[in-house]
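Rule-based calculations on the coordinates, nothing more; no lab input. As the structure is a computational prediction, the values presented were derived from the model and not from experiment. Here Cβ is always computed from backbone atoms with ideal geometry, including for glycine, and neighbour counts include all displayed protein chains.
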Amino acid sequence: MAAPDPVLDRLYGNYRRAVVRCRRRHVDLSAVDDLLTARVVLYEHLQRGGWCPPETVRRQLDLDALLLEQPPSLVPG
């Protein structure tokens, strides 16, 4: 059994908090940005550890990273 990874635990906690924040009735752009950031950082950590995401997840990660690079005024919604 692998040793616990405190970095992974922290990143997953950040991701889960961002998900909960985005489930609220009125979500602002900063909540969405936080969610995308948390997801990209978490998955990048997993990939550095040897995880190979399925093609659909990899495409979503590429889209998330692209959205994070855009100025807020260019993001629809």
Given (i) 6.1; (ii) 5.0; (iii) 9.0, the label whose value is mean projected area of the Cα convex hull in nm² derived from this model
(i)
Local electrostatic count at Ala38 - Lys and Arg +1, Asp and Glu -1, tallied over other residues with Cβ under 9 Å
+2
Per DSSP H run of at least 4 residues, take -39500 (n - 2.57); add these up for the chain, divide by its residues and hand me the 222 nm value, nearest 500 deg cm²/dmol.
-22500 deg cm²/dmol
If packing is taken as the average count of other Cβ atoms within 10 Å, what order do 27-39, 52-64, 6-18 fall into, highest mean first?
27-39, 6-18, 52-64
Residues of the range 30-47 with backbone nitrogen within less than 17 Å of a virtual label 7 Å along the Cα-to-Cβ line of Val20, please, listed as ranges.
31-32, 34-36, 38-39
